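Notes follow once the structure below has been shown.
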Amino acid sequence: MAAAVLYTLIPLGDIGYFSFLNIYLLAMGAGVISSVPGGAGVFETVVILLLDGKVLGDAVLAALLAYRIIYYLLPFAIALILFLFQESAANFQARRSRPE
């Protein structure tokens, strides 16, 4: 699923999905082997190197940034909003049930 999102974000001309999936899996593997948290930097470097000459570097960089936002920052922001909502509701409930 994540590979499909990145495949959609990168404007690939003649590269098929399964060819791109190989690039994605190699980049993910390199990120895991490097032991860098989230493969940050390693994943992007491998994708850029393997797509060199096939896609403009600016387009790949923009797509990788959008990919990181979609898969890391967006879920974090949603979870933070839900957490704050839950905590404020619990705080409100505790204040209402407290004897005066």
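Values quoted throughout were computed directly from the atomic coordinates according to the rules given, and no laboratory measurement underlies them. Everything quoted here is computed from the prediction, not taken from an experiment. Cβ atoms come from the backbone with ideal geometry, glycine included; neighbour counts cover every protein chain shown.
The table below lists the values:
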{"read-out": "Fewest-first sequence of 28, 1 by Cβ atoms within 10 Å of each Cβ", "value": "1, 28"}
{"read-out": "Cut-off 14 Å between beta-carbons: net charge of the residues surrounding residue 88, Lys and Arg +1, Asp and Glu -1", "value": "+1"}
{"read-out": "Charge context of residue 20, other residues only, Cβ under 13 angstrom, K/R +1, D/E -1", "value": "0"}
{"read-out": "R0 of 41 Å, Cβ-Cβ distance residue 26-residue 98: FRET efficiency to nearest 0.05", "value": "0.10"}
{"read-out": "Karplus-derived HN-Hα couplings along segment 56-62 (A = 6.51, B = -1.76, C = 1.60, θ = phi - 60°), whole Hz, x at Gly and Pro", "value": "4, x, 5, 5, 5, 4, 5"}
{"read-out": "Taking 23, 70, 33 and counting other C-beta atoms within 10 Å, the order from fewest to most", "value": "33, 70, 23"}
{"read-out": "Net charge dipole size for segment 2-97 [Lys, Arg +1 and Asp, Glu -1 on Cβ; Debye, nearest 20]", "value": "460"}
